[in-house]
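The values are calculated or read from the model by the stated rules, or taken from the named source; none is laboratory data. In this text the structure is predicted, and so the values were computed from the model without any measurement. Positions of Cβ are backbone-derived with ideal geometry, glycine not excepted, and every protein chain shown enters the neighbour counts.
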Amino acid sequence: MRLGRAADRLTFATSRGLRAAWGFGVIGAFALLIWQGFFPDLWAGAEPGTGPAVAAALLAGVLAAKLAARLRTNERRRSALREALSDVELGLLLLTATYVFLSILGGPKATVHPLIYALVSFLVTFHRLEVGVPLAAAAIGFEALEAFSPHAGADAQRLFWGHAGFIVIFAGLNVAFLHAEVARQRREHRKRLDEEVASMREEARDFRLISTALGSESRVRSRAEEVEKLSQGSIETIHQQLFYTLDLLRKALGLQTCALLWLDSRGHKLKLKELSSDSPHIAEGSVAAGHGVLGAILKEGKRLMLESPRLSMLPYYQGPADVAAFVGVPVFEGRVVRGVLVADRVAGGPFAPGEVDLVESAAAQIVRVVQSERVFQAVERAKNEHESFYRASAELNRALTLDEVYEAAIAGARGVCDFDLVVIATYDAREGSHNICRVEGELAEVLGGKQFKDPTSLLSMVVKNKIALPAGGQWREREDGFVFDPNLRLREYESLVVLPLVVKDEVTGTFMVASRRAGAFPNDRREMLGVIANQVAISMQNGRMYQVLEEQATTDGLTGLVNHRTFQERFSSMLTRAERHGFPVALILTDIDHFKKINDSYGHPTGDEVLRRVAKILKASARKIDIVARYGGEEFAIVLESTDRDGARQLAERIRAEVGKQSFESSKGPFKCTLSLGVALFPDDARAKQEIIARADQALYAAKHGGRNRTVCHGDVVLAPQPEKKAMRAAG
């Protein structure tokens, strides 16, 4: 059966190779005809023959067939290598046909010979360099065939160097011009892109429009970056609308200056936020909020009007200011004073009551601008957070492996809140242990892979009560309170929440998020983190089931080693790496001696125990990078990466000695067993996978034939397979 399948694969590969290479065969045949002068020079008066005419017609047919096949082929279904080979083949056919045509019209001295330069320019321009350069070299090769053929004269040889030089010049100039044009277009595209980006940045409000219009998949940013961009856009919008309001008020009332001074977050200073003025003496910076005219307006919360005030009374000026009238009104948000709106003018007398009312209306409008932008920012931020939340949910739904679940969980938490530490742990109810399986943040090296069992820890309390703790998300670690272990304190964190991972009313783990900033996890954030934790619990359960199924598909159920199918796949991958990087690979095939007698004498359960213990020894003896597999029945295979013959022999002997020391219990008393081992090496013994396996199998057979309980390397004394081999192997 195996031989039949191998023959089928060989037949398929051969037919496929012939289909792909026959065009190159035609090209080679016609190149030989050109070199032999097969095509007559009709321009010089030679008689056309039947043979050359048939050959030319055949070449034309081949070229037409290849062109038609190329037009029918869907390029998206072809690999890059096959497409490049097809381009080279088609280009060579065009060159061959052209040189046959030139041979008929006079060869190197033909008046239409410059057609070659045009063809080379075309081929180099419309193909990639890895295709164009070989085709230009092929054109020079055809020139050499014509110039140095047995039938060429001295003139043809002298012309060769000029023709070859022109081919190089035409090909090189086309490549240079093409690359220069591509570079120019890229520079122009980059310039246009930079101009568009600069234009968008000039109007920061556009960010809000873009942010609102784009879908969640197009706006993948960190939460901090999203908040920063959104705040920047809101500030720019507020300033734009404030300036519009103040400038309109200044023009309507004939003012010299109209300015908004806003209280800082602590309420100690007034900062000049926006103004419209004709004066060049405006003072930048901030002024004390509790003194002078502005302090009185803030304290009393009432309008204040002055006629011809002194310069010292107007702290927003730093130079001469001939002010005839001044009015200042408080800017209220609810009942809280946020700032002062001031207006002054140099002519026109004191402010009329209607004008003061207009200033107060402008102050109210300013508050509405700030409030509306604040509401927009809150809505947009909530929208972004919900998009991040739903994106995380989608990622958790798509996650198959546990690593993918952990990554999706951390990404989801990052979209909901800012944190400095996140820890995912599984809980083993039988052992009462919390096993840290993923950490991201400052304590990754300290916590990674650790196990904690203290029943008084915060993790244990969360598992016991099945609720998130601490209740308010605030963390003040006391001497009698700790998250993981009394020896590992988290005093530097101000905010912390540990959420249970619950599946079917059973806690399977915990999900902890911590931040150095106080108030990082308000109620709405904790609720969203709770929803993420619920989905993480289910996804982790699915991930464990997927892991079990994957292990069942790739491992042997009895021994826990890699099964035969997975061994073949990983062995092929290792040989590919070895071929690429040039390191040796050793294969050890081993067989338990007289295993059939063990089964017959002591029973199959005892035989299974022998298999399990031998497998355990093999796995313990190999490295993590090696492959240890159950090859079939009582046979095992070990593939050793970057191991030479001596290293493989030493390992095989250690395994043989360790198995020989083992004592196995049975109903008939203790007994021992031995191993026979065969070793083959890549590339010394063979290069193909099946040949390496065959060489190791021959060495194993030699070990059996030589008395068993020994190691034989191929290349040592390897016996040729005998007819009784199968019977001998079956007997163990």
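Every residue in the stretch 639-683 that is without any contact (Cβ under 8 Å) to a residue 60 or more places away in the chain, in a loop (DSSP other than H, G, I, E, B) and among the acidic types (Asp, Glu), please.
Matches in the stretch 639-683: 665 only.
Looking only at the stretch 262-281, count every residue that is assigned to a strand (DSSP E or B) and touching a Ser or Thr at 6+ places or on another chain (Cβ under 7 Å) and tell me the total. Before the answer, list the steps.
From the stretch 262-281, those assigned to a strand (DSSP E or B) are 262-263, 269-277; that's our starting set.
Then keep just the ones that are touching a Ser or Thr at 6+ places or on another chain (Cβ under 7 Å); that gives 269-271, 275, 277.
Final tally of qualifying residues: 5.
Taking the stretch 490-547 as the search range and keeping residues that are in a helix (DSSP H, G or I) and of a type in the set (Asp, Glu), which one is nearest to residue 430 (Cα to Cα)?
Taking the stretch 490-547 first, the residues in a helix (DSSP H, G or I) are 523-547.
Checking the rest, the ones that are also of a type in the set (Asp, Glu) come to 524, 527.
Details: 524: 34, 527: 30 Å.
My answer is 527.
Can you find a residue that is at pLDDT below 85 and under 35 Å from the mean Cα position of the chain (by Cα) anywhere in the stretch 456-463?
Filtering the stretch 456-463 for residues at pLDDT below 85 gives none.
Looking for residues that are at pLDDT below 85 and under 35 Å from the mean Cα position of the chain (by Cα), one finds none in the stretch 456-463, hence no.
Counting only residues that are out of contact with any Lys or Arg (no Cβ under 9 Å at 6 or more places or on another chain) and surrounded by 15 or more Cβ atoms within 10 Å (Cβ to Cβ), which one in the stretch 650-672 is modelled with the lowest pLDDT?
If we take residues in the stretch 650-672 being out of contact with any Lys or Arg (no Cβ under 9 Å at 6 or more places or on another chain) and surrounded by 15 or more Cβ atoms within 10 Å (Cβ to Cβ), then 666 is modelled with the lowest pLDDT.
Would you pick out the residues in the stretch 232-261 that are part of a strand (DSSP E or B) and out of contact with any Gly (no Cβ under 9 Å at 6 or more places or on another chain)?
From the stretch 232-261, those part of a strand (DSSP E or B) are 257-261; that's our starting set.
Result: 257, 258, 259.
Is it true that some residue in the stretch 134-154 is under 21 Å from residue 63 (Cα atoms) and polar (S, T, N, Q)?
No: the stretch 134-154 contains no residue that is under 21 Å from residue 63 (Cα atoms) and polar (S, T, N, Q).
Which one of these is of a type in the set (Val, Ile, Thr), touching a strand residue (DSSP E or B) at 6+ places or on another chain (Cβ under 6 Å) and closer than 26 Å to residue 399 by Cβ: 497, 503?
Going through 497, 503 in turn, the sole match is 497.
Looking at the stretch 684-705 only, could you name the residues that are in a loop (DSSP other than H, G, I, E, B) and of a type in the set (D, E, K, R)?
Of everything in the stretch 684-705, those that are in a loop (DSSP other than H, G, I, E, B) and of a type in the set (D, E, K, R) turn out to be 684, 685, 687.
Return the residues of the stretch 296-322 that are at pLDDT 85 or above, among the small types (Gly, Ala, Ser) and part of a loop (DSSP other than H, G, I, E, B); say none if nothing qualifies.
301, 308, listed by residue number.
Quick one: residue 445 ticks every box in (1) on the phi > 0 side of the Ramachandran plot; (2) surrounded by fewer than 17 Cβ atoms within 10 Å (Cβ to Cβ) except a single one, so which number is it?
So the condition that residue 445 fails would be (1).
What is the number of the single condition among (1) more than 30 Å from residue 617 (Cα to Cα); (2) buried (at least 24 other Cβ atoms within 10 Å of the Cβ) that residue 524 does not meet?
Going through the list (1) more than 30 Å from residue 617 (Cα to Cα); (2) buried (at least 24 other Cβ atoms within 10 Å of the Cβ), residue 524 breaks only (2).
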